1. Output the Kirkwood hydrodynamic radius of region 143-186, Cα pairs only, in Å rounded to one decimal.
2. Would you please give the residues with an amide H less than 5 Å from that of His43, counting only those at least 5 places away or on a separate chain, with H modeled from the backbone geometry?
3. Taking the Cα centre of the chain as origin, sum charge times position over the Cβ atoms of Lys and Arg (+1) and Asp and Glu (-1), and report the length of that vector in debye to the nearest 20.
4. Simple spin-label model, 7 Å along Cα-to-Cβ: Glu269 to Asp151 in nm?
5. Using only the alpha carbons, work out the radius of gyration and Dmax of region 12-130 in angstrom.
6. For region 208-292, state which chymotrypsin sites (Phe, Trp or Tyr not before Pro) are in a DSSP loop and have at most 15 other beta carbons lying within 10 Å of their beta carbon.
7. Hey, what's the Kirkwood Rh for region 167-297 if you take every pair of different alpha carbons, in angstrom?
8. What list of ³J(HN,Hα) values in whole Hz, one per residue of region 288-297 in order, does the Karplus curve 6.51 cos²θ - 1.76 cosθ + 1.60 (θ = phi - 60°) give from phi, with Gly and Pro shown as x?
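None of the figures in this text is laboratory data; all of them are computed from the coordinates on show. In this text the structure is predicted, and so the values were computed from the model without any measurement. Positions of Cβ are backbone-derived with ideal geometry, glycine not excepted, and every protein chain shown enters the neighbour counts.
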Amino acid sequence: NLPKAVEIREVGPRDGLQNEKIFIPTDLKVQWINLISETGVRHIEVSSFVSPKWIPALADHHEVFEQIARDEKITYAALVPNLKGVEGAIQQKVDEIALFISASEEHNQSNVNASINQSLQNLKAVAEAANREGISLRGYISTVFGSPFGDEVKLQTVKGIIDAYLAMGVSEISLGDTIGVADPVQVKAILSELLTQYDSDLFALHFHDTYGRALANIFAALELGITKYDSAIGGLGGCPYAPGASGNVSTNDLVNFLHRLGVQTNIDEEKLFTATRFLQQAINRQLDSKVYKVQSN
Ligand code: HMG
Ligand code: MG
């Protein structure tokens, strides 16, 4: 009994490019995002208003937002960690601000140079500014299924962050498997527990595919009625501050899998192929997607 349709959020321009060694020129990013806008996807994470010292690959967040062609039907989102970031996001009229925090104390420290408690204070200030401007809020929780530093991640910590996000006015929470260690049994156990307390509509799932288990994990979540998934074209992605993190589940493989299961996505696979081929040429390395490999032969 699977959902009839799901919402996919294309995170390649953000989660994907943040992890590329080589800076992709702004005009190529813009052309790529414009091609993604053509695919039918309704949510695109465009960039991050973070420190260019920390994430040099996305230092052009202002220019990218200034130059992309925006389709009214699409939500163009950006990650924001602090007040400086929210100023930029407001200036660029982003449609949605994505807050982010890790449920692992060590990963949070490594990623944003702050404790979980300090981050919650920073995010509260960001949320207040976004709420004043009427910008919708999404909240990421990283390392829900395991930490890159081996510290224990407690479900109680995850729930505390969910409650804090709800108090800030966050309308969607993305549960992240930052280093791709989850398995379907664990996914079912954690989700089943969360769904006794929260509505399934609140959650999106964000799987990295380090061990090739992302689609199996998504199937487990589909069976529990989760209808929102994050993915990246060509399997790009990874967090530079999470050792061992690899790419997100590829949008190409996910969309093909869902269509095969009879689950609608509103994404056109041919247009997705076109956007992926463009990316392939722009980054000039083999992409990590089985479906794209089949389609390009
Ligand atoms: P810090 O060094 O503690 O902060 O970094 P700071 O306030 O001392 O600022 C350092 C410099 O950055 C200053 O510049 C600031 O002005 C500047 P300087 O005076 O030295 O020239 N700065 C900024 N510039 C532009 N925009 C800003 C901004 N803020 C400060 N918003 C900070 C703290 C949070 C800024 C830093 O740690 C940071 O930017 N971290 C971002 C890390 C990141 O983006 N990680 C990847 C995303 S999370 C992820 O991938 C997981 C996810 O995909 C889900 C999953 O997979 O689980 C979401
Ligand atoms: Mg990620």
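1. Values: mean 1/r = 0.0872 Å⁻¹.
Every distinct Cα pair counted, the radius reaches 11.5 Å.
2. Close amide H contacts, sequence-distant or interchain: Glu10, Thr75.
3. Working: 25 positive and 36 negative charges, 58 e Å.
Its charge dipole is roughly 280 debye.
4. According to this spin-label approximation, the distance is 4.4 nm.
5. Looking at region 12-130, its Cα Rg and Dmax stand at 14.2, 40 Å.
6. Numbers: sites: Tyr211, Phe219, Tyr229, Tyr241, Phe257, Phe273, Phe278, Tyr292; in loops: Tyr211, Tyr241.
Within region 208-292, the qualifying chymotrypsin sites (Phe, Trp or Tyr not before Pro) (loop, at most 15 other Cβ atoms within 10 Å) are Tyr211.
7. Working: mean 1/r = 0.0646 Å⁻¹.
The Cα-based Kirkwood calculation yields 15.5 Å.
8. For region 288-297, the Karplus-derived couplings read 9, 8, 5, 5, 4, 4, 4, 5, 8, 8 Hz, x marking Gly and Pro.
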